[in-house]
1. Where the eigenvalues come from the Cα gyration tensor of the stretch 50-122, what are the semi-axes √(5λ) of the equivalent ellipsoid, largest first, in whole Å?
2. Within the chain, what is the number of lysine pairs with alpha carbons under 23 Å apart, leaving out pairs fewer than eight places apart on the same chain?
3. Could you identify which residue out of Glu96, Glu107, Glu22 has the top mean-square fluctuation in a GNM of the chain using Cα springs shorter than 10 Å?
4. Note down the magnitude of the dipole of the chain about its Cα centre, charges +1 on Lys and Arg C-beta and -1 on Asp and Glu C-beta and zero elsewhere, to the nearest 20 debye.
5. For Asp50 and Lys86, compute 0.36 nm times the residue count separating them, minus their Cα-Cα distance, and round to one decimal in nm.
6. Taking only Cα atoms of the stretch 45-88, what ratio of Rg to Rh do you get with Rh as the Kirkwood inverse-distance radius?
7. Quick one: among Ser68, Ser14, Ser97, which has the greatest mean-square fluctuation in a GNM of the chain with alpha-carbon springs under 10 angstrom?
8. Principal axis extents for the chain, Cα atoms only, whole Å, descending order, please.
Amino acid sequence: MSIWNTVVVQCFVSIFGKVNTEKNTPCLVMSYASINNHHVWQQALKLAYDGNYVTVLCDISGKLTGLSSLLQDQQIKAMYIVGENKLDNKQLAEIESLIHECDITCEFIGSIEHIHQGEFGV
């Protein structure tokens, strides 16, 4: 991660520390993108200011094993996936499994919203 990215992420984390409160509705914001993840942090900040307690997972690669435990332990009922690229069938299947297993809502944000429009009720 470049110095600029590190500075930007640290600024967002600092703001989250002030905005996130335990009484806010918990949600998860995640992205599979490994570069230009500023959009992820911007969307997470918007959700935090909208009254959500935001947990951010960036640069996801591999399986989502164990994520259902986090969702259930933190009582997260909303998941937002931010991205600009198409997800493969394996990734979509894992997301769909999480939706059903944890009884959560899922929303795509960015170009990914149009790419995967209408898939599994998202």
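1. Gyration-tensor ellipsoid for the stretch 50-122: 19, 15, 12 Å.
2. Going through the chain pair by pair, I get 9.
3. Residue with maximal mean-square fluctuation among Glu96, Glu107, Glu22: Glu22.
4. Around 340 debye, computed over the chain.
5. Stretched fully, the Asp50-Lys86 segment lengthens by 10.2 nm.
6. 0.97
7. Highest fluctuation among the options: Ser14.
8. 34, 32, 24
The values are calculated or read from the model by the stated rules, or taken from the named source; none is laboratory data. Note that the coordinates shown come from a computational prediction; the quantities given were computed from them, not determined experimentally. Glycine also receives a Cβ, built like all others from the backbone with ideal geometry; neighbour counts cover every protein chain displayed. With ligands, DNA and RNA removed, areas are computed over all heavy atoms of the protein, side chains included. Shrake-Rupley method; radii C 1.70, N 1.55, O 1.52, S 1.80 Å.
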